[in-house]
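Structure first, commentary second.
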Amino acid sequence: MSIVLDQVTKRYQDQPVVNDVSIEVGEGEFFVLLGPSGSGKSTLLRAIAGLTGIDHGRISLHGRDVTHVRARDRGVGLVFQNYALFRHMTVADNIEFALRVRRMKRVERVARRKELLKLVALEGLDERLPGQLSGGQQQRVAVARALAHKPQVLLLDEPFGALDAKIREELRRTIRAVQRELGITTVLVTHDQEEAFALADTIGVMNHGRLLEVGHPHDLYAQPATRFVATFLGAANLLLARQGADGIRFGATPVTAEASEPMYAGREHEVVAVLRPEEVEVAEAREQLSSNYIARGAVEEIAFTGALERLRVRLLDEPCAAQLLGSGSPAEARVEITRTQPERRELPLRAGAQVALGARRLHVLPTPISSFLACAPTEAEAEELAREPLLESLSTRMKTRVGVRAIDGLKESPAPFAGVAAIAGGDNAVATVEWLLRHGAAEVLVLPRNAPSPTRVYIHWGDEAVRRATLAVSASLLRHVSAEAVYLGIVPEGTPATGRAAPMRKLLDARVEAQQRHGLEMRTELAIGEAVSEITRNLSAGSAQMLVLGITDITQAVAAYRNLLAAQPGWPVLIVFRQPDVGLRASEYAA
Amino acid sequence: MNKVRQREPNVIPGFGITLGFTTFFLCAIVLIPLAALVLKAGGMDFSRFIDVITSPRAVASYRLSFGAAMLSAAVNMVFGFALAWTLVRYDFPGRNFVDAIIDMPFALPTAVSGIALTAVFAGNGWIGQYLEPMGIKVAYTWIGITVALTLIGMPFVVRTVQPAIAEVQRDLEDAAETLGAGRFYVFRRIIIPTVLPALLTGFTLAFARAVGEYGSVVFIAGNMPMKTEITPLLIFIKLEEFDYVGAAALGCVMLAISFVMLLAINLLQLWGRKRMMVSR
């Protein structure tokens, strides 16, 4: 491995900007770190270069641990967005800078410089000053300068950001060609997905300081695992569907789609389906569709963009129609469609036309948190709960919706639960949690009033049967908040030293599973004592803490955690409930 | 811009009026008094002129004036740079306060700062009482003159260098560091060359100001002929002796040197701009 990052964390004022990131970049690989601004990608790149110290973790380059090695001894080349050329030096002096520092002989220096200028196609410009060159040429000089000392790793920080479109593409090709020719391991940081697709062997997508997914460009596009990657890499329509024993359904309409996770406990639940704009089929009527019907809609907007036609279609209210998840309110959500010219000629459309929509290809996300349902004694209180800052920011970041239900209403129509039930913290919380869990809720979020967005999330489960589900839910949650994840393993007091091996192993297993299945890096802590008091002690140790709690037995859990749940002001607690015996639970539910 | 060109409509209209106004003011305030000075000096015959400006007392005063000014400007270049660096690069409590104090020598009547310095550095002053036993006499020596001139010139260096340092992007230092350069190397090869034009400008301004300084120096200098007598003071003495022509002759020497200094500043700025900011 050429670059190995192991659980790298960087905090600014206690807020992690790079949060437990682990990456392995192979020899000669072109790795693109993609993310919106503020996602921590540039900080991570600077950490690799050694310009930013890290608070936790290790960095190694070509098998050498460089965590505490100074930037100048790391042997990396770095290219900046604003070129960062030495403006008082000629092109030749800029390129030879690293060689002069190393006291290389003049003859060798000149030979190396000529070689590099040829590589970046700038022969003959040796004696120019940077100010006399165009932006594209300056960036080429910067690339040549970064390569002069034959670094083992080339790092590029948004190198095309300051250039216009045409030069950008030209330089992109040059950099790709140079990288291939030298076979140098390269990491490029960008917010531009098109750039990432054009250059990368592997893309790593970052958001809120976390590395969400790593993979081949094509795999990430076709099979994203998270909502963020689905919508950030290209456009995507996110649809709320249900996964039942008979497969995936939109309302009552079954569709062909591969479920990414098996059903748990035999219970029907919500899933999120990704529908790419180019995978939507448009026809006049349902019968004319050659693919899966999903809904009817009215064309609202048509935009001509040259090769493609862009449509925005409003879904018409039908009881069986698919539910669209948008960033705004559900009423404003629109299906985005792109059609090629042949498709357009086959069925010319005007704004206002009513059409049937089909999905040629749907991808179901493996995310266990599909939506939220704010539950309170009355509808008004539930509305208020839905406006809680934490719940609001979670649903916005997850691009999902928050439903509202009065608990009395729930009692009257015991429909199967969908999504995460959110309730207010306080005295009644314990009873409500118990009632919800007994009536089919699988996850309950207990929200104290005005809880801040957490900076640290503790994860704990008592029974290994709920490990997988708890980890999945935690991972889904943590992709959307910039918080540290800490798994808390607890060994009862008085356990002999020999008895600690098993909990220790569980701890490591949990960490490996979180990393491999969900790409979630988490810390592990082993506490000795009584579970509830240890958890409470840890939660009280800092501000803005949160707990994800996996439970298997309602009665026992409610008794044990009563005080923690009822604490004032308390902490946000996400309870993940899974019955250990799947068969029993399914039959019970069927009855 | 020495050619009159007016093709595109300017933001400020009335080019003729503005040029006329500028020329008038320049004449009334700068050129006519200077011309009068030169004319006055021209009134004496050439050998006498040479005698006056090369008299031992005058030469000693030049040496002191220009030597002390040069030294104080050099001291300012080093410490002014350090001060400007600290103000630009670090955030510390009271930074704005320190930043405001920098301008104090601009505003303070120079006589006041001269008296203050004398009080502090005299043999029985706050600092002087500790320096005296060590054999360092500050007040009434060339050292005192240099200290006074340093105080007067300091804001010139700090204020010219500050924006130049602010312009040195961190990225440049980072780039140099990843290329293998150590801190001192970065300082010597990247930071100093980038800031140098501004630093030289600051140096020249401080030097020119120090050459012409009078108010603060007369108090701390002691004004002993041949020892601690600066040229402006000598001019003043000649005026008191009603030797107007002699004063004008010395004035001409100062004028010529000041002019060379200012010309040097402008050339330096031009040179720096050409090097750093060729059209992108």
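For this structure, a couple of remarks:
- All positions within the stretch A:132-171 that are within 13 Å of chain B (Cβ to nearest Cβ), surrounded by fewer than 18 Cβ atoms within 10 Å (Cβ to Cβ) and part of a loop (DSSP other than H, G, I, E, B): A:Ser134, A:Lys150, A:Gln152, A:Gly161, A:Ala162
- Hits in the stretch A:485-530 - residues which are among the charged types (D, E, K, R) and in contact with a helix residue (DSSP H, G or I) (Cβ under 9 Å, 6 or more places away or on another chain): A:Lys506, A:Asp509, A:Glu513, A:Arg517, A:Glu521, A:Arg523, A:Glu525
- Any hit, the stretch A:188-206, residues being more than 25 Å from A:Lys10 (Cβ to Cβ), without any contact (Cβ under 8 Å) to a residue 60 or more places away in the chain, away from chain B (no Cβ under 14 Å) and crowded, with 17+ Cβ neighbours inside 10 Å: yes
- Test: A:Ala177 is more than 38 Å from the chain's Cα centre (by Cα), among the aliphatic types (A, V, I, L, M), over 17 Å from A:Ala84 (Cβ atoms) and more than 14 Å from every other protein chain (Cβ to nearest Cβ): no
- Test result for A:Glu443, of a type outside the set (A, V, I, L, M) and crowded, with 21+ Cβ neighbours inside 10 Å: yes
- Filter result (farther than 29 Å from A:Arg276 by Cα and in a loop (DSSP other than H, G, I, E, B)) within the stretch A:359-381: A:Pro377, A:Thr378
- Filtering the stretch A:316-343 to residues that are of a type in the set (A, V, I, L, M, F, W, C) and at pLDDT 85 or above leaves A:Val335, A:Ile337.
- Within the stretch A:75-131, the set of residues being small (Gly, Ala, Ser) and crowded, with 17+ Cβ neighbours inside 10 Å comprises A:Gly75, A:Gly77, A:Ala84, A:Ala92, A:Ala98.
- Qualifying residue in the stretch A:388-411 (condition: of a type in the set (D, E, K, R) and in contact with a Lys or Arg (Cβ under 7 Å, 6 or more places away or on another chain)): yes
Yes/no matrix, rows are residues, columns are (1) touching a residue at least 24 places away in the same chain (Cβ under 8 Å); (2) farther than 25 Å from A:Thr432 by Cα:
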| site | (1), (2) |
| --- | --- |
| A:Ala380 | no, no |
| A:Glu384 | no, no |
| A:Leu391 | yes, no |
| A:Arg397 | yes, yes |
| A:Gly403 | yes, no |
| A:Ile407 | yes, no |
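- Meeting the requirement of 2 or more residues that are at the interface with chain A (Cβ under 10 Å from one of its Cβ atoms) and either closer than 30 Å to B:Ile230 by Cα or β-branched (Val, Ile, Thr) (or both), the helices (runs of 4 or more DSSP H) wholly within the stretch B:165-214 are B:192-212.
- Within the stretch A:113-131, being more than 14 Å from chain B (Cβ to nearest Cβ) and without any contact (Cβ under 8 Å) to a residue 40 or more places away in the chain holds for A:Lys114, A:Glu115, A:Leu117, A:Lys118, A:Leu122, A:Glu123, A:Gly124, A:Asp126.
- Matching residues, the stretch B:224-233, being surrounded by fewer than 22 Cβ atoms within 10 Å (Cβ to Cβ) and modelled with pLDDT of 85 or more: B:Pro232, B:Leu233
- Whichever residue in the stretch B:71-84 is of a type outside the set (Gly, Ala, Ser) and within 13 Å of B:Ile102 (Cα to Cα) and, among such residues, is surrounded by the fewest Cβ atoms within 10 Å (Cβ to Cβ): B:Phe79
- The residues of the stretch A:212-228 that are modelled with pLDDT of 90 or more and either under 15 Å from A:Leu155 (Cα atoms) or among the hydrophobic types (A, V, I, L, M, F, W, C) (or both), listed by number, are A:Val214, A:Leu220, A:Ala222.
- Some residue of the stretch B:150-164 being within 14 Å of chain A (Cβ to nearest Cβ), under 24 Å from the mean Cα position of the chain (by Cα) and at pLDDT below 90: yes
- Candidates A:Thr174, A:Thr186, filtered to the one that is closer than 27 Å to A:Gly38 by Cα, among the hydroxyl-bearing types (Ser, Thr, Tyr) and not in a loop (DSSP other than H, G, I, E, B): A:Thr186
- Taken over the stretch A:94-112, residues that are under 21 Å from A:Pro159 (Cα atoms) and more than 9 Å from every other protein chain (Cβ to nearest Cβ) amount to 3.
Let's see how each residue does on (1) farther than 25 Å from A:Thr432 by Cβ; (2) aliphatic (A, V, I, L, M); (3) touching a His at 6+ places or on another chain (Cβ under 8 Å):
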| position | (1), (2), (3) |
| --- | --- |
| A:Leu477 | no, yes, no |
| A:Arg511 | yes, no, no |
| A:Gly529 | yes, no, no |
| A:Val532 | no, yes, no |
| A:Asn563 | no, no, no |
| A:Gln579 | no, no, no |
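- Residue satisfying all of: in the stretch A:50-74; crowded, with 21+ Cβ neighbours inside 10 Å and within 28 Å of A:Leu220 (Cα to Cα); nearest to the other protein chains (Cβ to nearest Cβ) among these: A:Leu61
- Failed item, numbered, when A:Val25 is tested on (1) within 30 Å of A:Thr524 (Cβ to Cβ); (2) surrounded by fewer than 21 Cβ atoms within 10 Å (Cβ to Cβ); (3) away from every other protein chain (no Cβ under 14 Å): (2)
- Counting residues in the stretch A:80-93 that are of a type in the set (Gly, Ala, Ser) and either under 21 Å from A:Lys166 (Cβ atoms) or within 12 Å of chain B (Cβ to nearest Cβ) (or both) gives one or more.
- Residue within the stretch B:182-195 that is crowded, with 21+ Cβ neighbours inside 10 Å and of a type in the set (Gly, Ala, Ser) present: no
- Of all residues in the stretch A:478-488, none are farther than 28 Å from A:Phe232 by Cβ, modelled with pLDDT of 85 or more, among the aromatic types (Phe, Trp, Tyr) and crowded, with 23+ Cβ neighbours inside 10 Å.
- Test: residue in the stretch A:46-56 that is in contact (Cβ under 8 Å) with a residue 40 or more places away in the chain and either on the phi > 0 side of the Ramachandran plot or of a type in the set (S, T, N, Q) (or both): yes
- Of all positions in the stretch A:528-538, none carries a residue that is within 17 Å of A:Ala475 (Cα to Cα), modelled with pLDDT under 90, in contact with a strand residue (DSSP E or B) (Cβ under 6 Å, 6 or more places away or on another chain) and not in a strand (DSSP E or B).
- Any hit, the stretch A:461-479, residues being touching a helix residue (DSSP H, G or I) at 6+ places or on another chain (Cβ under 9 Å), part of a strand (DSSP E or B) and of a type outside the set (S, T, N, Q): yes
The values are calculated or read from the model by the stated rules, or taken from the named source; none is laboratory data. Here the structure is a predicted model, which is why all the values come from computation and not from measurement. Cβ: placed from backbone, ideal geometry, glycine included. Neighbour counts: every protein chain shown.
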